[in-house]
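A quick write-up on the structure given underneath.
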Amino acid sequence: MNAGASGRKEGTALAAYIPVPRDLSRVKSKVFFNLTKRQLICFGGAALIGVPAFFLMKKVTGNISLSVMCMMVLMLPLFFLAMYERDGQPFEVVARHFIESKFIRPKIRPYQTDNYYSILERQAQAEKEVNQIVRKKQKNIPKKRKRKTGGNPSAGRPHKA
């Protein structure tokens, strides 16, 4: 086998380089025309809104460029919804988090910790109170007297095996 001008042996082939993403959770399945299901739905909705609006505006105004601009203005929000993604989240999720943080949740969130020492103190105090209640009840219970049995001397004694 002779080495060619490229420095490799004859009969050996170069392997094709295929890029593989490191994070496979970010890979999205493509459905049609290399678009995701979300993108197809949004683009379809934009077409359903924009195309009739174009023909309606063209009929009303007679100006094609004005009709095209109106169609684009109506379709752009849906294109934005289809394409925008931040940190793997679509626009509506990002918008919901923003609205919750700015308007719904309280502005000041004080840092609160679980003080385990105070929990242990409360537990010890509760145990003391329970023990005091049990002691009082034991003092108030009168002791039982031994019952006298008739003529049976083995009554009252434990049975030996």
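May I ask you to list the residues in the range 82-136 that are among the aromatic types (F, W, Y), over 30 Å from N34 (Cα atoms) and assigned to a helix (DSSP H, G or I)?
F98, F103, Y116, Y117
What are the residues in the range 35-65 that are in contact with a Cys (Cβ under 7 Å, 6 or more places away or on another chain) and not small (G, A, S), if any?
Step one: of the range 35-65, the residues in contact with a Cys (Cβ under 7 Å, 6 or more places away or on another chain) are 53, 57.
The one that is in contact with a Cys (Cβ under 7 Å, 6 or more places away or on another chain) and not small (G, A, S): M57.
Which pairs turn up if I take residues in the range 57-70 that are touching a residue at least 60 places away in the same chain (Cβ under 8 Å) and look for partners that are aromatic (F, W, Y) and surrounded by fewer than 16 Cβ atoms within 10 Å (Cβ to Cβ) with beta carbon separation below 7 Å, at least 6 apart in sequence or on another chain?
none
Which of (1) assigned to a helix (DSSP H, G or I); (2) out of contact with any helix residue (DSSP H, G or I) (no Cβ under 9 Å at 6 or more places or on another chain) does P77 not meet, given it meets every other one?
P77 satisfies all of (1) assigned to a helix (DSSP H, G or I); (2) out of contact with any helix residue (DSSP H, G or I) (no Cβ under 9 Å at 6 or more places or on another chain) except (2).
Being exposed (fewer than 13 other Cβ atoms within 10 Å of the Cβ) and within 26 Å of K28 (Cβ to Cβ) is the filter here, so list the residues in the range 48-90 that pass it.
Hits for the range 48-90 are L48, L76, F80, R86, D87, G88.
We did not get these values from a lab; they are worked out from the coordinates using the rules stated. Given the structure is predicted, the values throughout are model-derived calculations rather than measurements. Glycine also receives a Cβ, built like all others from the backbone with ideal geometry; neighbour counts cover every protein chain displayed.
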